[in-house]
1. Of everything in segment 87-108, what is at pLDDT 80 or above and either of a type in the set (D, E, K, R) or not in a strand (DSSP E or B) (or both)? Give them in sequence order.
2. Return yes when residue 69 is within 13 Å of the chain's Cα centre (by Cα), among the β-branched types (Val, Ile, Thr), within 23 Å of residue 99 (Cα to Cα) and at pLDDT below 95 and no when it is not.
3. Take the residues of segment 28-52 that are open to solvent by less than 40 Å² (accessible area, probe 1.4 Å) and within 11 Å of the chain's Cα centre (by Cα): which is nearest to residue 103 (Cα to Cα)?
Amino acid sequence: MLAILAAGVLQPHLKYSVGIGAAADFQLQWTPDATRSSLQCCFSAKATQNQFIALGFSEASAMMNHSDIVAAYFTAAGAPVVKAMCSYEFPGGGGYPGGTPTLKLEDTKLTAADGHLEACFTRAYDSG
C-alpha cells in the first residue's frame, strides 16, 4: 500500500474516507475486503516525529473502556512503530491502555511528511 502525503493533507488512496477535527486534521481512510474478511485502514493527523497518533475501535458507547487501540509513533532511534493496544475499564471511567490486545495487525506502515504522521495497517474482521 502506498501512503501519500502532500501539502499536509492525506490524499485519498483507499475506498472510503472521512476527516474529523480541523485543528488536528485527522483523516481516516479504509477499504473493506470481503474476500479476505479484512479491513485496510490508514489514518493521519498533524504530528511531528516526536509525537504519536492513535485510532480506537470501541463497543457502542464504551468510549475508551474495553477498546482496541492502534498507536503509531517513531522510537527515539527513528524506527517506525504501529502496534495494537487494549484499554481496560478502571474506577472513575476511561481506559488505560495496559490490557493484552487481541487485535492482530498486518502490513503496518508509518510515514511522516509535511507535519503529519500517517499509519496504515490491515486487520482481520474477527481480530480484536
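The values are calculated or read from the model by the stated rules, or taken from the named source; none is laboratory data. Everything numeric here is computed off the predicted structure, so don't read it as measured data. We work out accessible area using only protein heavy atoms, side chains counted, and drop any ligands, DNA or RNA first. Shrake-Rupley method; radii C 1.70, N 1.55, O 1.52, S 1.80 Å.
1. Correct list: 100, 101, 102, 103, 104, 106, 107.
2. yes
3. Per the criteria, the residue is 41.
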